[in-house]
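The values are calculated or read from the model by the stated rules, or taken from the named source; none is laboratory data. Values in this document were obtained by computation on a predicted structure and should not be read as measured data. Every residue, glycine among them, receives a Cβ derived from its backbone with ideal geometry; neighbour counts consider all protein chains shown. Each accessible area value is taken on the protein alone, full model and side chains, heavy atoms only, with ligands, DNA and RNA left out. Shrake-Rupley method; radii C 1.70, N 1.55, O 1.52, S 1.80 Å.
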Amino acid sequence: MRRPAPAAWLAYAAAAAGVVAVVSALTPSIADRSDLVEGVLPPGVPAAARILALSFGIGLVWLSRSLSRGRRRAWQLSVALVVASAAAHLAKGLDFEEAVVSLVLLAALLRWRRSFAAPGEPSTRWPLLHALLALAAVGGVVLLETTGRLSPPDRIEDALAGGALVLASRALYLWLGPLAGRARQTQLERVAARRLVDEHGRDSLAYFSLRRDRTYFFSASGRSFLAYRVVSGTALVAGEPIGAPAELSALLAEFRRFAASRGWRTALLAASADRLSAFRAIGFKSLYLGDEAIVRPRTFCLEGRQIRKVRQSVARVRRAGYRIRVLESSAEADAELLATLADVSAEWRGRWPERGFSMAMDSLEHGVLAVAERADGSVGGFLQLVPSPASGGYSLAAMRRRRSTPNGLMEYLIVETIAWARDRGVTELSLNFSVLGEVLRADGCRSAGNRLLRLALLRLDRVFQLRRLHDFNRKFLPEWRPRYLCFERWADLPVVGLAYLQAESLLTPPGPWARATPALPA
């Protein structure tokens, strides 16, 4: 079992000192001490010190999370708060005990100051300066008011107080924000990553590591790598590390150290059950995330009552005059066709943002394109497939159609693509990912928690379309392959969950800004 790092236990100590300060500020002081202080200090100072002690206590509790990530700026602010808190405890009622707690914490923070090396985001310095200058201006107005040189109306006072609160919150947000970690790939890294995916990409998510919005982290030998994206201080590794099997656990452990040095959390999205024990062995927690729908082309059949709706959809689309054309390489598509597919994609999305991160591509220049066309050459819809090179399978990366096409076009495209895959000996075809699919399938579940979760998912279906996507996958009688969310600490789960939703664009509402997002650029 790993011992907690100094940053972790100092974060707990800061939270504890903050709680002590809050409790002390909310309880009466010892009468003799309070009388002594009130006889020495100017009137109003002890009362103001009590309010400051309460504020500093809340601040320490709030800062403890950033301290646990080893962030240097959080340490600097904590040192200032601890010193000020000790002074406030003495000024509000000679509370020596609370002041000693603060000073002991100060000594510990100074002793282990090198544990807080994670840098802040450099680009926030100028916006931070602007916020501080604006806050100073508001403070100047308040000072003029207190000295009697300015007598603004009550509404102006309220507005100043609200403005000061907003500016202070923004300054703290900018100061404590983690290193941004913007996506960065060199041409050599892309070539190396593509080679490793071709050699070791057995997982159906491996090819999605080649998206341009990720950064690569290679092992020292160059025989393995992982792809990640930083969202809200969380380094999201989509899928799993790829490369020589003997190196993967060490690579992930090294990446965790790298991420910690920058103040980031580490999380793995859609990890497979096969690798779960290895991830747990190096300290990750795991939570069921959903299921990947897998179809085996060799055994797939349109016969039988269970799949009759798909069979009827396929027949209806064929009668409407559609035929499929499969381009086994995007190089076979000319500029006109690519522009048409981008237009189809934009029409299908409407005002919604481009969704997908862990199981979607960001460009049509990869993989296989299956296009549904009529006799006049008009395009009704398309699928994009990317390979799992080392396993002989394919994964669905995009699925789009024009809104004027008959219902069932998507089913037709998938059925015809499965037939194409069968003819070429493809072992498996990965369809869409169903978030919490096990819960959605449990119609008669007895657990109260699962019933409530299922009800919530059904209520949210209008926004996230989770049930509709799951029911669409279910039509093809797939195998369900569970996927998991892996994270470092249970306390990180809410933040990691929000980062995951943000990366998948599930928190982005529809609107004109969504239209500005390129739709699968060629």
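Here are the numbers for this structure:
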{"read-out": "Distance in nm between pseudo-label sites at A375 and L133 (7 Å out along the Cβ direction from Cα)", "value": "7.1"}
{"read-out": "Solvent-accessible area, 1.4 Å probe, carbon plus sulfur percent, for the chain", "value": "59"}
{"read-out": "Theoretical gain in end-to-end length, D471 to I30 [0.36 nm per residue, Cα-Cα removed]", "value": "152.1 nm"}
{"read-out": "Largest-first ordering by accessible area, 1.4 Å probe, given options V310, V83", "value": "V83, V310"}
{"read-out": "Accessible surface ranking that places the most exposed of S404, S169, S434 first, with a 1.4 angstrom probe", "value": "S404, S169, S434"}
{"read-out": "Most to least accessible of D198, D203, D376, D35 (protein chains only, probe 1.4 Å)", "value": "D376, D35, D198, D203"}
{"read-out": "Cα gyration tensor shape of the chain, rounded if a/c is under 1.5, else prolate or oblate by comparing a/b with b/c", "value": "prolate"}
{"read-out": "Computed lengthening from D423 to W9, 0.36 nm per intervening residue step minus Cα-Cα distance", "value": "143.1 nm"}
{"read-out": "Spacing of the two label points (7 Å from each Cα toward its C-beta) at R280 and R194, in nm", "value": "3.9"}
{"read-out": "Förster-model FRET efficiency, 51 Å R0, A47 and A253, C-beta, rounded to 0.05", "value": "0.45"}
{"read-out": "Accessible-area value, I324, 1.4 Å probe, nucleic acids and ligands omitted, Å²", "value": "50"}
{"read-out": "Length released on extending from Q312 to R351, taking residue separation times 0.36 nm less the Cα-Cα span", "value": "11.0 nm"}
{"read-out": "Proximal lysines to K309, defined as alpha-carbon separation beneath 30 angstrom and excluding residues fewer than eight positions away on the same chain", "value": "K475"}
{"read-out": "Around S209: net Lys/Arg minus Asp/Glu count, Cβ-Cβ under 14 Å", "value": "+1"}
{"read-out": "Whole-number accessible area per residue in Å² for the chain, which is evaluated in the context of all protein chains at 1.4 Å", "value": "49"}
{"read-out": "Estimated FRET transfer efficiency when R0 is 35 angstrom, pair W490-Q76 (beta carbons, to 0.05)", "value": "0.80"}
